[in-house]
1. Return the distance in nm (one decimal) between the two label points of a simple spin-label model at SER271 and ASN44, each offset 7 Å from Cα along Cα→Cβ.
2. Pick out, from ALA260, PHE8, GLN109, the residue whose Cα sits farthest towards the positive end of the charge dipole of the chain, with +1 on the Cβ of Lys and Arg and -1 on the Cβ of Asp and Glu.
3. What whole-number distance in Å separates the alpha-carbon centres of region 288-362 and region 150-208?
4. Through the Karplus equation 6.51 cos²θ - 1.76 cosθ + 1.60, θ set to phi - 60°, convert the phi angles of region 178-186 into ³J(HN,Hα) values in whole Hz; use x for Gly and Pro.
5. Do any of LYS198/LYS297; LYS247/LYS282; LYS206/LYS357; LYS282/LYS302; LYS245/LYS288; LYS198/LYS273 go past 30 Å between their Cα atoms, and which?
6. How tilted is helix 236-250 with respect to the longest principal axis of the chain? Cα atoms for both, answer in degrees (0 to 90, nearest 10).
7. Where a ≥ b ≥ c are the square roots of the eigenvalues of the C-alpha gyration tensor, would you call region 181-250 rounded, which needs a/c under 1.5, or, failing that, prolate if a/b is larger than b/c, or oblate?
8. Toward the positive end of the charge dipole of the chain, about the Cα centre and with charges on Cβ (Lys, Arg +1; Asp, Glu -1), which of ALA71, PRO20, GLY41 goes farthest?
Amino acid sequence: EAAEIGSFSHFMEKEIFEQPVALENAMRGRFSADGSTAQFGGLNLTPIEVRQIDRFAFCGCGTAWHACLVAEHLIERFARVPVEVDYASEFRYRNSPLDGNTLFFVVSQSGETIDTLGALREAKRKGYKVLAINNTVGSSIAREADGGIYQHVGPEIGVASTKAFTSQLLIGAMFALYVARMRDMSFSDGVEYVKALKAAPDLVRKALEQAPRIKEIAKRYAQYADMLFLGRLSLFPIALEGALKLKEISYIHAEGYPAAEMKHGPIALISEKCPSVFFAPKSEIFNKIVSSIQEIKARNGKTIVITTEGCEFPPGVADDVIYIPDCHEAVLPIVATVPVQLLSYYIACERGCDVDKPRNLAKSVTVE
Ligand code: G6P
């Protein structure tokens, strides 16, 4: 183990910094020769079958479920096909009605999570074709699925998922492109989308350059008992993921919420004792997000704002700002994940937590 970890302090840290290479591996060989779409070898579906699908259903647990939510956003946004997302543990018992032309996806890093395997079996029992997005060749889920897409990011050792998550986001974005190009997306928009995906590893490298600054910020936030993570649209699932990472490894209570829903409840939690991490990238609703941040400041809450290079905030709105590079909508969730991974990691280290083996958690949960 000591050799594999190299100069890093934990596997989680190593795996965070491995992400640019992991993303390169996950996309290798998966773009068409004309550079306008994605292609996958193991879907076991003809293009005509894909063309006829009128709904996708996605299931997963934990971090993989967050990846399903981002896939939902991108497939609906770019391919204009409705997507349903379920916790695997709920799907298997709730007898959900699914349309005839639904394609079922399960997402699982390990391929051994019993709830996700149970959802796969239930969907198959109902006669659906089930594909898996999975990182472990030959896993139970890989064997039982009708086809799928391997993540190809190598073993993930840290219990808190990092490179497996961002590669699931990438594959979701690539699959959205693949379907979009059969439905509603032009050749030139496809070419632009592919270029954006190919740029993702370098953008993640740039986001990782913020690590020393995030480490400094983490020192000032390590002693709080509660924290909120707030984001909108495709970054709402990343807010959930940021909160999950923080609670998993630092044991700070954290909640992820859609930023505009704050006013319907969680704002009651805000005080000088509960800081918020906000995603406020350049977007059409940037000003609305700034107003939500101002609501927090008016209640003495501290704010860490993750934003796009070049964005400016009125004085006094952001206590700490973390910049990420400007990027295509399909890549934004990937790049925006990096700062919250680093923030959780450095906060947990500051608190002296056993980052790679957090209490009560298992890398893969094979019991119900
Ligand atoms: C466990 C892990 C989580 C993971 C979840 C799903 O709870 O602690 O980090 O997201 O299982 O794992 P899977 O292997 O199915 O992606």
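1. 5.6
2. Result: ALA260, furthest along the dipole toward the positive end.
3. 21
4. Along region 178-186, the couplings run 4, 6, 4, 5, 8, 10, 10, 10, 6 Hz.
5. On the way: LYS198/LYS297 38 Å; LYS247/LYS282 28 Å; LYS206/LYS357 28 Å; LYS282/LYS302 21 Å; LYS245/LYS288 26 Å; LYS198/LYS273 41 Å.
LYS198/LYS297; LYS198/LYS273, as the Cα separations exceed 30 Å there.
6. 70
7. Working: a/c = 4.13, a/b = 1.96, b/c = 2.11.
It comes out oblate by the Cα gyration axes.
8. Result: ALA71.
Values quoted throughout were computed directly from the atomic coordinates according to the rules given, and no laboratory measurement underlies them. Only a predicted model underlies this, so the values are computations on that prediction, with no experimental measurement involved. Virtual Cβ from ideal backbone geometry, glycine too; neighbours counted across all protein chains shown.
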